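Asks: Below are the structure tokens for one structure; questions will follow.
The values are calculated or read from the model by the stated rules, or taken from the named source; none is laboratory data. Since the model is a prediction, treat every value here as computed from it, not as a measurement. Note that each Cβ is placed from the backbone with ideal geometry, even for glycine, and that neighbours are counted across all protein chains shown. The accessibility values were calculated without ligands, DNA or RNA, using every heavy atom of the protein model including side chains. Shrake-Rupley method; radii C 1.70, N 1.55, O 1.52, S 1.80 Å.
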Amino acid sequence: MPERRTVALVTLGCARNEVDSEELAGRLAADGWELVEDASDADVAVVNTCGFVEAAKKDSVDALLEANDLKDHGRTQAVVAVGCMAERYGKDLAEALPEADGVLGFDDYADISDRLQTILNGGIHASHTPRDRRKLLPISPAERQDAVVALPGHAQEPEPAPADLPEGVAPVSGPRAPLRRRLGTSPVASVKLASGCDRRCSFCAIPSFRGSFISRRPSDVLGETRWLAEQGVKEVMLVSENNTSYGKDLGDIRLLETLLPELADVDGIERIRVSYLQPAEMRPGLIDVLTSTPKVAPYFDLSFQHSAPGVLRAMRRFGDTDSFLELLDTIRSKAPYAGARSNFIVGFPGETEADLAELERFLTGARLDAIGVFGYSDEDGTEAVGYGDKLDADTIAERLAHISQLAEELTSQRAEERVGETLQVLVESVEATEDESRAVGRAAHQAPETDGQVLFTAREGLVPGRMVEAKAVGTEGVDLVAECRELAEVAR
């Protein structure tokens, strides 16, 4: 009998990382590794790191150190870093953090089982030297599909599925579809639509370590969605660094408009959600599909970042307060209850008090359901690092606190506006505490993790994965309190 090998995957960061972890889990399970939830029960703890901003990098380092402590108390024999931070810093991270027994980049994902076995046996796998992954793909988007480059979420070379796949591991459904195994039982799962980004925002380092934009083929996205439906998934969230660019390297920039109705028709899927949309790339046809297609959530995760024209130009972005408000008005003229959220950076180099006031004007008029606010910090390898006119840390902190408080007030007000609305809510959990028990779900305007929730007034008859009609009857901050209409009618 083969020796038992156990592995735990600890995932930090965004939904894209969660998909990457499930790809790694699929490959490891297919090669005989036993997946366990608790890192203390694993021979190898794999930490899928985030390398986006300083706070996320700190969280990643803390997670690696915490996993390393298990080597003194549990079964754990090795701790391995993967993900964006590992890819971005490579051997530099390995030297700075000797507690990690291995630092693996994206090029190692296809051979993850062998890499972990080598490390578990006491061997050393040399960490990679970081490089700009944009240079690995052709400049012309149309030429990228045939390039053989390691892209998490894409299997770039045809690879036959193992003869005896473990239960719960997705078979390879096409030449660019990786193995995947779900890590958890949530009725919601993300599907990668594409990887990388061709935008050159002056504050963002993601393209340098995620690479240039490349779409997955529609057949692979559909195949993975069908498999997820078979696993009990009810809502699929399409993720990438920029979903509005989907299809440009496949010869059809409007490919998302035709793909969405096909995904919505997959048996068992109740809702399709699209994330990461660029305001400057929003097309009338895409807005129409997002606001009128049954089972496609009228949800707009728009990356505004700021609204003062001068700050946006310094960020290498486009738009202004009035054009952004016009975009939101257009969306709501087609779907009055559409959800809208965004993230914003305050304290960007050169940001004036007038710029901050302009951002306040936009936020006040935008009626966003969720707002993320971040204080600017220099990121290695970005254009903004070399900018002059930097704001001091105290000023950035003051502006961050001010806009964060405003955002909290505005999103709470927006939630109150939704009282009385009829909602289609996907029940995600039934929670029980010493004091109470209630069901929790999300409506169409609420994405997982980043937005608010729906809290039901009663839990009877509600189970995870059930889509129900409910009426918003109150609020708790950004969360809605709702009464399930279906159950109320049964009670009568």
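Asks: Has the stretch 123-140 got any residue that is part of a strand (DSSP E or B), modelled with pLDDT under 90 and buried (at least 17 other Cβ atoms within 10 Å of the Cβ)? Before the answer, list the steps.
Replies: As a first pass, look at the stretch 123-140 and keep what is part of a strand (DSSP E or B): none.
No, the stretch 123-140 contains no residue that is part of a strand (DSSP E or B), modelled with pLDDT under 90 and buried (at least 17 other Cβ atoms within 10 Å of the Cβ).
Asks: Let me ask something additional. Let me spell it out: the conditions are (1) at pLDDT 85 or above; (2) open to solvent by 50 Å² or more (accessible area, probe 1.4 Å); (3) in a loop (DSSP other than H, G, I, E, B), and VAL148 meets all of them except one. Which number is the exception?
Replies: With respect to (1) at pLDDT 85 or above; (2) open to solvent by 50 Å² or more (accessible area, probe 1.4 Å); (3) in a loop (DSSP other than H, G, I, E, B), VAL148 is out only on (1).
Asks: Name the residue that is farthest from ARG485 (Cα to Cα), counting only residues in the stretch 422-450 that are open to solvent by 20 Å² or more (accessible area, probe 1.4 Å), touching a residue at least 24 places away in the same chain (Cβ under 8 Å) and in contact with a Lys or Arg (Cβ under 8 Å, 6 or more places away or on another chain).
Replies: Looking at the filtered set, the residue picked out is THR450.
Asks: On to the next question. Give all pairs with beta carbons closer than 7 Å in which a residue from the stretch 287-304 that is more than 15 Å from PRO336 (Cα to Cα) meets a residue that is in a loop (DSSP other than H, G, I, E, B) and acidic (Asp, Glu); count only pairs at least 6 apart in sequence or on separate chains.
Replies: LYS295/GLU270
Asks: Six or more apart or on different chains, Cβ atoms under 7 Å: show the pairs whose first residue is in the stretch 471-483 and over 17 Å from ALA444 (Cβ atoms) and among the acidic types (Asp, Glu) and whose second is open to solvent by less than 30 Å² (accessible area, probe 1.4 Å) and assigned to a strand (DSSP E or B).
Replies: GLU476/LEU455; GLU483/ALA470
Asks: Which number in (1) at pLDDT below 90; (2) more than 30 Å from PHE203 (Cα to Cα) marks the one condition that GLU34 misses?
Replies: Evaluating GLU34 over (1) at pLDDT below 90; (2) more than 30 Å from PHE203 (Cα to Cα) leaves (1) as the failure.
Asks: Counting only residues that are among the polar types (S, T, N, Q), give me the strands (runs of 3 or more DSSP E) lying completely in the stretch 402-461 with at least 1 of them. Write out each step before concluding.
Replies: Values: elements: 422-432, 437-442, 454-456.
Strands (runs of 3 or more DSSP E) meeting the threshold: 422-432, 437-442.
Asks: Further, regarding this structure: Just to be sure before I move on: is GLN453 of a type outside the set (Gly, Ala, Ser), crowded, with 16+ Cβ neighbours inside 10 Å, over 27 Å from LEU12 (Cα atoms) and out of contact with any helix residue (DSSP H, G or I) (no Cβ under 9 Å at 6 or more places or on another chain) in the structure I sent? Before the answer, list the steps.
Replies: Values: of a type outside the set (Gly, Ala, Ser): yes; crowded, with 16+ Cβ neighbours inside 10 Å: yes; over 27 Å from LEU12 (Cα atoms): no; out of contact with any helix residue (DSSP H, G or I) (no Cβ under 9 Å at 6 or more places or on another chain): yes.
Criteria not met by GLN453.
Asks: Being more than 16 Å from VAL149 (Cα to Cα) and surrounded by 16 or more Cβ atoms within 10 Å (Cβ to Cβ) is the filter here; which residues of the stretch 98-111 pass it? Break it down into steps so the answer makes sense when it comes.
Replies: Taking the stretch 98-111 as the starting set, the residues that turn out to be more than 16 Å from VAL149 (Cα to Cα) are 98-103.
Answer for the stretch 98-111, where residues must be more than 16 Å from VAL149 (Cα to Cα) and surrounded by 16 or more Cβ atoms within 10 Å (Cβ to Cβ): ALA100, ASP101, GLY102, VAL103.
Asks: I need the full set of residues from the stretch 241-254 which are surrounded by 19 or more Cβ atoms within 10 Å (Cβ to Cβ) and over 19 Å from the mean Cα position of the chain (by Cα), in order please. Working first, answer last.
Replies: Start the filter on the stretch 241-254 by keeping residues that are surrounded by 19 or more Cβ atoms within 10 Å (Cβ to Cβ), which leaves 241-249.
Result: GLY247, LYS248, ASP249.
Asks: Among the numbered criteria (1) buried (at least 18 other Cβ atoms within 10 Å of the Cβ); (2) more than 23 Å from ASP320 (Cβ to Cβ), which one does ASP392 miss?
Replies: Failing condition for ASP392: (1).
Asks: Within the stretch 350-370, can you find the residues that are open to solvent by less than 30 Å² (accessible area, probe 1.4 Å) and either of a type in the set (Ser, Thr, Tyr) or under 27 Å from the mean Cα position of the chain (by Cα) (or both)?
Replies: Selection gives LEU359, PHE362, LEU363, ALA366, LEU368, ASP369, ALA370.
Asks: While we're here: Can you list residue pairs whose Cβ atoms sit under 9 Å apart, with the first residue in the stretch 334-347 being outside any strand (DSSP E or B) and the second being of a type in the set (Asp, Glu)? Count only pairs 6 or more apart in sequence or on different chains.
Replies: Taking only residues 6 or more apart or on different chains, the pairs are LYS334/ASP288; TYR337/GLU421; GLY347/GLU398.
Asks: Limited to the stretch 116-126, what total is found for residues that are in contact with a strand residue (DSSP E or B) (Cβ under 9 Å, 6 or more places away or on another chain) and farther than 16 Å from THR76 by Cα?
Replies: Matching residues across the stretch 116-126 total 2.
Asks: Is at least one residue of the stretch 303-315 touching an Asp or Glu at 6+ places or on another chain (Cβ under 9 Å), open to solvent by 20 Å² or more (accessible area, probe 1.4 Å), hydrophobic (A, V, I, L, M, F, W, C) and assigned to a helix (DSSP H, G or I)?
Replies: yes
Asks: Suppose we filter LEU93, LEU137, LEU104 for residues that are in contact with a strand residue (DSSP E or B) (Cβ under 7 Å, 6 or more places away or on another chain), in contact (Cβ under 8 Å) with a residue 60 or more places away in the chain and not polar (S, T, N, Q); which single one remains?
Replies: Numbers: LEU93 fails: in contact (Cβ under 8 Å) with a residue 60 or more places away in the chain; LEU104 fails: in contact (Cβ under 8 Å) with a residue 60 or more places away in the chain.
It is LEU137.
Asks: Has the stretch 71-83 got at least one residue that is under 13 Å from PHE209 (Cβ atoms) and either assigned to a helix (DSSP H, G or I) or open to solvent by less than 60 Å² (accessible area, probe 1.4 Å) (or both)? If you could, list the steps in order and put the result at the bottom.
Replies: Here is the first cut: in the stretch 71-83, the residues under 13 Å from PHE209 (Cβ atoms) are 82-83.
From what is left, the residues that are either assigned to a helix (DSSP H, G or I) or open to solvent by less than 60 Å² (accessible area, probe 1.4 Å) (or both) are 82-83.
Looking for residues that are under 13 Å from PHE209 (Cβ atoms) and either assigned to a helix (DSSP H, G or I) or open to solvent by less than 60 Å² (accessible area, probe 1.4 Å) (or both), one finds at least one in the stretch 71-83, hence yes.
Asks: Still on this structure, please answer the following. Right, ARG273: in contact with a Cys (Cβ under 9 Å, 6 or more places away or on another chain) and either assigned to a loop (DSSP other than H, G, I, E, B) or open to solvent by less than 10 Å² (accessible area, probe 1.4 Å) (or both) or not?
Replies: Numbers: in contact with a Cys (Cβ under 9 Å, 6 or more places away or on another chain): no; either assigned to a loop (DSSP other than H, G, I, E, B) or open to solvent by less than 10 Å² (accessible area, probe 1.4 Å) (or both): yes.
Criteria not met by ARG273.
Asks: Also, quick follow-up: Residue pairs, Cβ under 6 Å, 6 or more apart or interchain, first in the stretch 205-218 and over 13 Å from PHE106 (Cβ atoms), second among the hydroxyl-bearing types (Ser, Thr, Tyr) and in a helix (DSSP H, G or I). List them.
Replies: Pairs that qualify, where the first residue is over 13 Å from PHE106 (Cβ atoms) and the partner is among the hydroxyl-bearing types (Ser, Thr, Tyr) and in a helix (DSSP H, G or I), are PHE213/SER245.
Asks: Would you be able to tell me the number of residues in the stretch 189-215 that are hydrophobic (A, V, I, L, M, F, W, C) and in a loop (DSSP other than H, G, I, E, B)?
Replies: As a first pass, look at the stretch 189-215 and keep what is hydrophobic (A, V, I, L, M, F, W, C): 189, 191, 193-194, 197, 201, 203-206, 209, 213-214.
Filter once more, keeping what is in a loop (DSSP other than H, G, I, E, B): 193, 197, 201, 203-205, 213.
The number of residues fulfilling the criteria is 7.
Asks: May I pose another question? Can you name the residue in the stretch 179-234 that is surrounded by 23 or more Cβ atoms within 10 Å (Cβ to Cβ) and on the phi > 0 side of the Ramachandran plot and is also farthest from the chain's Cα centre (by Cα) among such residues?
Replies: The selected residue is GLY211.
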